[in-house]
1. So C:LEU237 ticks every box in (1) at pLDDT below 90; (2) part of a helix (DSSP H, G or I) but one. Which box is left unticked?
2. Out of region B:31-55, which residues are over 16 Å from B:ALA240 (Cα atoms) and either small (Gly, Ala, Ser) or away from chain C (no Cβ under 11 Å) (or both)?
3. Would you confirm, using the coordinates I've provided, whether B:THR100 is under 19 Å from the mean Cα position of the chain (by Cα), in contact (Cβ under 8 Å) with a residue 12 or more places away in the chain and more than 7 Å from every other protein chain (Cβ to nearest Cβ)?
4. For C:ASP454, work out the one condition from (1) within 26 Å of C:GLU96 (Cα to Cα); (2) more than 8 Å from every other protein chain (Cβ to nearest Cβ); (3) not hydroxyl-bearing (Ser, Thr, Tyr) it doesn't fulfil.
5. Run down C:VAL53, C:VAL106 and say which single residue is modelled with pLDDT of 90 or more and either crowded, with 18+ Cβ neighbours inside 10 Å or not polar (S, T, N, Q) (or both).
6. Yes or no: A:VAL54 within 14 Å of another protein chain (Cβ to nearest Cβ) and closer than 18 Å to A:VAL206 by Cα?
7. With (1) under 28 Å from C:ILE530 (Cα atoms); (2) at pLDDT 85 or above as the list, and A:ALA113 as the residue in question, which single condition is left unmet?
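The values are calculated or read from the model by the stated rules, or taken from the named source; none is laboratory data. None of the values given here were measured: they were computed from a predicted structure. No Cβ is skipped: glycine too gets one built from the backbone with ideal geometry, and neighbour counts run over all protein chains shown.
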Amino acid sequence: MSRNDLSARGLVRRYGGLTAVEDVNMDVPSGQITGLIGPNGAGKSTLFSLLTGVEQPDEGKVLLGQRNITRMSPDARSRRGLVQTFQVPSLFPSLTVADNLLVAAENRRRDYAGDLLGFRARGRSGALQIVDDVLASLRLEDIRESIAGTLPTGALRLVEFARALCARPDVLLLDEPASGLDAAETERFSALVRRIADDGVAILLVDHDVDLVFKVVDRVYAMVGGRVVAEGAPAAVRADPTVRSVYLAQGPLTSKNTGASPAGGPSGGGPPADSPPTGGPPAVAVSSGELR
Amino acid sequence: MTANPAAIGDTHLAVDPNGAPTAEAGLPAVELRLENARAGYRTIEVLHGIDMAIPSGAVTALLGANGAGKSTTLRTIAGLIPLRGGSLTWRGEQITKMTTTNRAKRGLMLVPDERAVFATLSVRDNLQIIAEASGHPDITPALEAFPRLQERLSQRAGSMSGGERRMLALARALLARPSVLMVDELSLGLSPKVASELFAWLGTVADAGTTVILADQYTEEALALADMVYVLHRGEITFAGTPAELGASELLAASAS
Amino acid sequence: MTSINLALTAISLGAIAALSGIGVLVTYRTNGVLNFAQGGIATLVAYVFREMVVEWGLPIWLAAVLALAVLSPGIGLLLERLVFRPLARRRASAAESLVASLGVLVLTLGMTAGIWGLGSRGDAPSIFPADTVKIGDTRVGVDALAELAMVAVFCIVLGILGAKTKFGRQVRAVVDDRQLAELSGVPADKVAAAGWALGTTMAGLTGILLAPQFRLTPYGLTLLVLETFAVVVAARLASLPVAVLTALGIAVAQSELKQVTLDGDAGTVLTVLQSNLFIVMLLVLLLVVPRLRELGNGDSGSTGSFSSRGAPPSGPVSRDEARRDVLGKLGGAALLMAPMTFAPADLRSAFMVPALALIFLSLVILTGYSGQLSLGVAGYAGLGSLFTLKLANGDLFGLPAVPGIWAMFIGAIMVAPIGLITGWPAIRRRGLVLALTTFAVGAVVSRFVFEQPDFASGLYVDPLELFGAELGDKAFYLFELFCLGLGLLVVRSLHHGRIGRALLAVRDHSEGAAAVGVDVRSLKLLAFTISSAVAGLGGALLTFSASSFSTDDFAPMQSLLWFTAVVVFGADSAAGAIIAAGFIVAIDVLAPAGSSILAVGILALSLGWLPGGLASAVRGGIAWVARVLADEFVPSAHTTHAAANRLARAGGAVPGMAGAAGATRHGAAGSSGTSGSGGSGGGIRIVLPAGAPRPTPLGETLLVAVANHTARSGLTLEMLPSARAGEADSAERQGLAGPRPHLPGVPVERGA
């Protein structure tokens, strides 16, 4: 196991009577892009929070390399190289793009006292260098001095991604990075993620855009009802009957729910949260005249 | 109560409320019209004078890249954003200055892209509120259309999954018996399967005679459903016509930034 | 007296506290605003009621009807329409609504104090007869029973209204998401107004019932109502029955305490507790209750909306900007030095300015830079003052007497650990809860320390000495400016560089900051610690400039007034803090007492229209004027179209219409309304519309200067895109786009 791998062992998270994440094992190896898919409510977000440290698991542990980081706060994890992006871009709206990135680049050490007393020159130029490099590599130089709060959604995503890179991550956790991006932006983005992984960063990608996930990842985990129901190469997971029945659209609109559902029910976990009963009449149905 | 004067399949003897005959027999009339509409946020103008005529009882799709002005158009029609210039007409009446509440009462119903349900309220209250506001305090039609909601009636809407919340949002709109149903980013954050189910449902809604306006990134699904397409680019309309007339170049323009 | 007797005497107070709590809850549950103005409104109505009965001789029933059915709901409707509806329309955060309600509080206080003065009155009439009824072997006042009955009725009616009716559902919908409620056809404005009217009526009722029980003073009654927030917190901002039971429980417990007597220090604490259980319970509950059921999506901590400026430039700054910066600072320093030339009496009045400014700076650090609400700053300031005096008097923990100046700095530093400890709750708290917690801390400190003779009596303020020489008035003022300078240095080092950026990151988005490694916890504590020390220094200076320690200077209400003033003048602006101090002192010197409160209140209400406070309104105004000037006369990269269009309209030939900015910039000389002003700006020319009067040489120079400024400092002007340019821009694009394809309005056939 490499120093940079992120792994989860037997993670469990319960809310009251509901088990949101049930005994999940997962490996996010360096240099690879790992995908995580699942219908709404399958427990992806909860698992993601357990990995980033926003929430604590009831059982199980999270390892970064050999180190147990289960009880570490999100900022401590970040200083050790585990960096996340958010579903809703989380930039600092009043700062310029460059300052947003600079915050990430210069906070791997904590000693604020030194700064307060005026020893702030140390490491500054290094941080600026990182910011400039990242801006250049993502071709964001044009908006370097723009105030983050004024940027359009597409740019926000990219800048948040750039900011994550400035924290020099060993592991990058991306939560729906392509939502809100249009087709061209998504295209650019997936190429970018691949480039980062090739530099040896471990990447976990959670997204609804199945096309993006299957196109770009090396390995996929599919979650249903809090459990991992399938894992492996994209092609294998795509072919998995459970995944097909609960998650992927099964064909063009007109033929939906017309028996295309493969045999074999969910192989584990409770009933999927969002899937209508297969084979039966459409779950959403409006008869003519109800709506005038 | 608002009722669509004609349903699809009937013979339409529609006359433009302004007096000009705009439709032949068998074709829907235009009741909702934006003329030279300009709107925006604070110091930024997003819509630079667009003209739009929404065919009644049909599906109109607004396409365009991020920031093209799709959401702004819908929010302007719903009254959330005031017009800075131009006019909005609904059934021959100038409603440019009308409040959001009154537009909703006249049957112009927007399902926004985010925060489309009352997260802290139960599913039942979510449905009840809109049913009462529209004067038909019976929520069974929504439960018949979306049986899944039946078992969640007393659950807080905010604790449901994204797909279920979307369903609830549409179910609410259904209870309002809208004349015009506007749906912003139907597919946002949904798994493809749920998204296509909801698109199909919208098709049946339009078949039942409701005017539907869709703004979506999911170009393919939206196009499959649409009768009329507007492509927006930076607050201007660059194409208006049927999906069949929409060429490859416009399609590319619609999806690229 | 027996326990039962004591309990029965407490019923009246408990019932009134319950009514007050119900009022606060109603406003919160219907509008999402934690109404700090509840106390101010209660006081105002109580004073008007007294005025009608005592001065005008109206019958009590008529006065009560006028006060409760006309005045109180009228205040609520007015507030909703003028203050809170604009805030709700732009989806202001809970923090902003909180500040607006503080503004209302300050305004009502100012009005009450302005009209009736700060003195106390003991002749407030009661709406109930003074009879008693015998229950068992105890006599209970009719008023207590009537109040209890009111509580029960309100509880039941509101409970049914909220849970079962259409109106209740609409209320919950509006408060959850006003915009969505409107989209659903719910008349949101009417629902919100009804909620406000009900809430302020309850406030008025509270005031009228409380007034006869205590002596009527503007500050006292207001604070009394604020203390009942304990009830609201116990109810976790939601449950009416819990609120009522807590109110009665605390009142009875406070009464029962009178049976107990203890000796020594414990006895002193007990004595204080016997009259201050509500405020103590407020603090305890805030620390114990795990979570309030706050409305909205938990973004109520965001103060970014009233402190919105970013970090100072991290890169090299142009020489012009640096020069302007230095000039501005020199100008400010000169203004601050001006009192040195004043007459001695006026100079003494000016003593307050640097002291207040330091206290305000501490709020800038906390609220403006790190985004944490603090309503307890008077507590830190008072402690700083107290420590300083005790040290100087040789009265603190047996320490030897320290010369005044050094005592001041040591005292300020001694406040820092207290700031650290009281900042601890802030790690996990924000928004409303943090605001209430800091308020409770300030109030408890005031009650248990400042108002206790053991601590705060027998303090004498010796004139300061430096190297054996006594400081005269001028020297003292200079010393104050020196301290202010120190404070500004601290603020500067907290605002610049890595710490500055990290703090702003925490303010803007603390989860996002944590995600990239910013140690949110340490930074929040750091801000609290430093801010409390700065406030302590300011407090010490305040006492020395007044030459005596006064409890009133550091009363809990001061914290609210000071916080409001800082937000109004720009929470993230050090200059704003100093200006605010100057403003308050100047008004208090020039106008009758209470005027500064009134002025701050009025300014605070304008926050609904001026997000970011006066400072950002002024900044925005300057940028706007510059932009309009630039748009009007100067063709630069982003105004090309506007200018070109105007020229085209004027009939002139326009070279390079299709775009190249450079072409217009240099080549418009041929058109009719051009007045070349030559090389001063690297080829920038002033283009005037045809028929416009020729500018004077001075005017021309001015225009060129603006043009240069526009062209160079692209950032600020580009950030505020020109509406005019946008309009012309699109108009032109329409023209270039040729005939529109497929104009809408064409009938469409629905595909099968």
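1. The failed condition is (2).
2. Correct list: B:GLU31, B:ALA39, B:GLY40.
3. no
4. (1)
5. Result: C:VAL53 is the single residue among C:VAL53, C:VAL106 that is modelled with pLDDT of 90 or more and either crowded, with 18+ Cβ neighbours inside 10 Å or not polar (S, T, N, Q) (or both).
6. yes
7. (2)
Rundown of residues vs (1) assigned by TED's automatic domain parsing to the domain that holds B:ILE50; (2) crowded, with 22+ Cβ neighbours inside 10 Å; (3) outside any loop (DSSP other than H, G, I, E, B), yes/no style:
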| position | (1), (2), (3) |
| --- | --- |
| B:LEU170 | no, yes, yes |
| B:LEU188 | yes, no, no |
| B:ALA200 | yes, no, yes |
| B:ILE213 | yes, yes, yes |
| B:GLN217 | yes, yes, no |
| B:GLU221 | yes, yes, yes |
| B:TYR230 | yes, yes, yes |
